[in-house]
Amino acid sequence: MAAIFASRCSRVGRSLFGGLSNSSPGLFTTLHEMTCKNMFSQQQRTFIQMRTVLKVVDNSGAKKVMCIQALKGKKGARLGDTIIASVKEAHPNGKVKKGKVVYGVVVRAAMQKGRCDGSEVKFDDNAVVLVDKQGQPIGTRVFGPVPHELRQKKHVKILTLAGHIA
Amino acid sequence: MLGVIGAGTWLRYSKALLQPWKVGFSSLSAVDGRKHHLLDLQEIETVLTDVKADNVKVIPVPKHCDWADFMVLATGRSTWHVKNIAQALIYKAKQKQRGVERMMLPSVEGQAGGKWIVIDSGKVIVHALDEKARAYYNLEGLWTPGTIQNEREEDLQKALVKVRRKNNSKKPAQKNA
């Protein structure tokens with residue numbers, strides 16, 4: 001289960017194809033077809049910008065938030081960045097209400113992020129953990145996989161509350 | 001079907017090719033002189049005893065989690081006590097690396113608020129929390145294996161409001177560690 005997910009979410013960079021093509025010509029045709037299929041089938045992922053709807057993966061009571069501003073970049077937010085969002089769907093009796101403006105940290109992003117060993121990490125959804133203005137998480141638990149790039153972004157609190165580190 | 005077999009072959013080759021890079025990177029970081037950690041576990045316990053932190057608990061992180069080896073939880077009696085715990089740990093790291101031409105300090109998160117401060121020194125993560133914040137987030141219940149996770153619907157704003165602290169005397173509380 002975890003191995004399948006780990007192999008699915010991390011992809012090898014482009015520089016590895018050169019070595020593989022030199023080693024085996026038969027394998028190169030298969031890899032070439034696979035590369036073309038991947039390039040044609042998958043949609044190009046963009047930044048998290050205004051009006052992006054994200055899923056909330058903590059137990060703060062919110063289900064979906066809509067991004068109204070990305071705090072770091074001009075083009076938008078990526079994995080590990082902080083956004084300002086408004087709550088679009090909320091559980092009853094939750095800690096946040098519908099319509100409230102909250103801060104959030106992007107813990108899963110569909111746009112890929114490169115790691116230091118050349119691989120990339122990208123997820124199937126855009127997920128966020130709600131924090132307050134000082135950076136403390138509003139909920140007490142974080143569900144689903146959380147990548148360890150948040151440690152470099154100084155979000156160790158969210159990594160502490162997460163049950164599964166990818 | 002043929003595509004699935006090709007995908008399996010590709011993933012196997014990719015994992016095999018990723019392995020030398022990982023070995024090279026780890027050896028490069030070993031040459032870097034990082035064999036001394038920023039803060040050892042005994043030094044952290046000594047500093048926490050000196051600064052009179054309450055309810056110090058050392059939790060060994062299970063093996064499937066690669067990002068830390070130990071997690072130390074400490075309770076401060078007030079917001080300024082939590083800040084002083086963090087300052088004492090940073091000062092200990094500075095004293096340990098006196099004379100080094102380029103000092104490497106642990107990363108500190110949450111020092112402005114003072115409710116929950118995380119000192120990330122490589123393989124040991126120190127969490128200094130207020131009493132109310134520690135009861136709210138319940139990190140022992142999450143990281144200790146085998147406990148039943150019963151989540152309470154407590155509000156963050158009500159939990160972190162300034163109330164009279166439980167341990168009001170100057171004497172330290174009973175240590176569980």
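A short reminder: the numbers here are calculations on the coordinates, not readings from a lab. Just so it is clear, the model here is predicted, and its values are computed rather than measured. In this analysis, Cβ positions are derived from the backbone assuming ideal geometry, glycine residues included, and neighbour counts consider all displayed protein chains.
Treating the beta-carbon of each Lys and Arg as +1 and of each Asp and Glu as -1, no other charges, what is the dipole magnitude of the range A:53-165 about its Cα centre, to the nearest 20 debye?
Working: 22 positive and 9 negative charges, 72 e Å.
My answer is approximately 340 debye.
Longer than 24 Å from Cα to Cα, which of A:K133/B:K94; A:K95/B:K52; A:K72/A:K154 are they? Say none if no pair is.
Details: A:K133/B:K94 30 Å; A:K95/B:K52 34 Å; A:K72/A:K154 14 Å.
Check vs 24 Å cut-off fails for A:K133/B:K94; A:K95/B:K52.
So what's the gap between the Cα centers of the range A:128-166 and the range B:76-109, to the nearest angstrom?
Between the Cα centres of the range A:128-166 and the range B:76-109 lies a distance of 23 Å.
Averaging sequence separations of C-alpha pairs under 8 Å and six or more residues apart, then dividing by the length of the range B:41-140, give the relative contact order as a whole percent.
28 percent
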